[in-house]
Amino acid sequence: MIDDIPPLPWRRALVIGLGCSGRESAALLCHLGLEVRAYDRNPAATAPDGVELFLGDPAPTPEAFAGIDLLVLSPGVPPESVRALARLHAPDAAIHGEMSLALDLLGRRWPGLPTVLVTGTNGKSTVTALTGAILSAGGLDPFTGGNLGVPLSAAILALLRGERRPPGSLVLECSSFQLETMNEAVLHPTDVAMILNISPDHLDRYTDIHAYAATKARIFAGLGEQGLALLDHEDPFTARLREQASGRLTLVGGPDPESPTILGSGAGEALQLGDGALLPRAALALAGRHNSKNALFALAAARHLGVSLAACEAGLRSFAGLPHRMILVREVDGVRYYDDSKATNVASVVANIDGFDRPYVLIAGGRRKDDDLTLLRPHLAKRARALIAIGESADAFAAIAEGVVPWAKATTMDEAVAMARAYAEAGDAVLLSPACSSFDWYRNYAERGDVFTRAVEALEETRS
């Protein structure tokens, strides 16, 4: 039987937002014996049994705050207005985000777990999952989650109920929303913290990209002198972010002999680690130079935690990738079809196509964000065979392809796949990498990727 968490300094909590994170926080706090309230603007929101609900108002009322000593903010809720209300109605209440609360509780019961924190605009889910796979191969038995997959609060509740064993380490994907509601004290000690890259995203939530980047930099707050900070040498924000990195800083892809780097052009032939050790690039199934760099981040973290070179290679070989992130669907008539539906901004697509090792036909479009689509033009000119434009933004994508590569507009995904096949030649790839959200045609990026996959699976071989 797993012992309970030691006595807590809180008696009454208010959870703001009843999405997945909020419900998990509320369930955990109820299990720990707190009196729990929850607020959501949705009058139909639900919560675990025993939670007192405050629903439907534009903001939580003074009654919701009355007598609380803990405020838990869900990541989807912009925090400043709620913090202002807390200063008025519960000025002494501790404030945590969901992940922050979970780390606080974890540290009280299972302190000192080796911890890797991952953030960035693009690639963080892949790096988180890959790091987890390598640590697993090295015998460190990680919990891998956070913004990816299972919320940490849910994992702690399962631990307290005896439904899972305590992990040997933590690998947590941290979104900017989770970092802005992080009580930095709970990050001590962090063994490895990394920012993969910074590009425009969530600018409806932040005043500008510099404020967004500063929020990402909070990930370094728990690094001590022996901690490892990882940044991308080639990212334009690294010069600014490195000033905020504590611990020992390593630049991935940098010119220093101690920098992990890719050897060879395209995706590379080998991955050279900071200690000079080499691993074959072929050990990683994921396509693209950007995934070579993702692997270097994961490998640097694992080596810092003492994982052997043999276990690192085993972890690479075991990792098949995450759904809808540069996943090879199948090869038909010598053409490889890749599902990268998760690429919902221009920076992600540029990273994918810039390191591609073969000509490709790009299927792109959907509901546009504020990205500058013209940034794609020079990259299309390098190796694209053609562009197939889909969705609400089809005309905009056709415009950026005009004069650069052949293009066509499709009205369905089946039609897009058929058009792409007509342009592709043996040895090429067809890549669904939309640079847009999916909400014009689909409920989410996963549905878009699934429809693409079904269309590809329906293709018949025609060439002998």
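The values are calculated or read from the model by the stated rules, or taken from the named source; none is laboratory data. Note that the coordinates shown come from a computational prediction; the quantities given were computed from them, not determined experimentally. Neighbour counts run over all protein chains shown; Cβ positions are idealised from the backbone, glycine included.
Flag set for residue 315, criterion: surrounded by 24 or more Cβ atoms within 10 Å (Cβ to Cβ), farther than 22 Å from residue 386 by Cβ and not aliphatic (A, V, I, L, M). Here residue 255 meets the list (1) in contact with a Gly (Cβ under 6 Å, 6 or more places away or on another chain); (2) under 21 Å from residue 291 (Cα atoms) almost entirely, failing just condition (1).
Evaluating residue 153 against the criteria (1) over 17 Å from residue 30 (Cβ atoms); (2) at pLDDT 95 or above; (3) not in a loop (DSSP other than H, G, I, E, B) leaves one unmet condition, (1). Per this entry, residue 298 is counted among residues that are part of a helix (DSSP H, G or I) and in contact (Cβ under 8 Å) with a residue 40 or more places away in the chain. Only a single criterion out of (1) under 26 Å from the mean Cα position of the chain (by Cα); (2) within 27 Å of residue 204 (Cβ to Cβ); (3) among the hydrophobic types (A, V, I, L, M, F, W, C) is not satisfied by residue 86, namely (1). Quick check on segment 302-323: of everything there that is part of a loop (DSSP other than H, G, I, E, B) and of a type outside the set (A, V, I, L, M), which residue is farthest from residue 139 (Cα to Cα)? Applying the filter and picking the extreme gives 323. Remark: pairs (first residue in segment 435-456, more than 10 Å from residue 391 (Cα to Cα); second residue crowded, with 17+ Cβ neighbours inside 10 Å and among the acidic types (Asp, Glu); Cβ separation under 7 Å; 6+ apart in sequence or on different chains) = 435/371; 449/339; 452/339; 453/339. Kindly check whether there is at least one residue in segment 50-69 that is within 24 Å of the chain's Cα centre (by Cα), crowded, with 18+ Cβ neighbours inside 10 Å and modelled with pLDDT of 95 or more. Looking for residues that are within 24 Å of the chain's Cα centre (by Cα), crowded, with 18+ Cβ neighbours inside 10 Å and modelled with pLDDT of 95 or more, one finds none in segment 50-69, hence no.
Each residue in segment 397-416 was checked for being surrounded by fewer than 17 Cβ atoms within 10 Å (Cβ to Cβ) and within 12 Å of residue 373 (Cα to Cα), and 2 pass. When you look at residue 368, is it surrounded by fewer than 22 Cβ atoms within 10 Å (Cβ to Cβ), outside the structural domain of residue 199 (by TED's automatic domain parsing) and over 27 Å from residue 334 (Cα atoms), yes or no? Criteria met by residue 368. Can you name the condition, by its number, that residue 382 falls short on among (1) surrounded by fewer than 21 Cβ atoms within 10 Å (Cβ to Cβ); (2) in a loop (DSSP other than H, G, I, E, B); (3) not aromatic (Phe, Trp, Tyr)? Condition not satisfied by residue 382: (2). For segment 336-347, the criterion of being over 21 Å from the mean Cα position of the chain (by Cα), at pLDDT 95 or above and not aliphatic (A, V, I, L, M) is satisfied by at least one residue.
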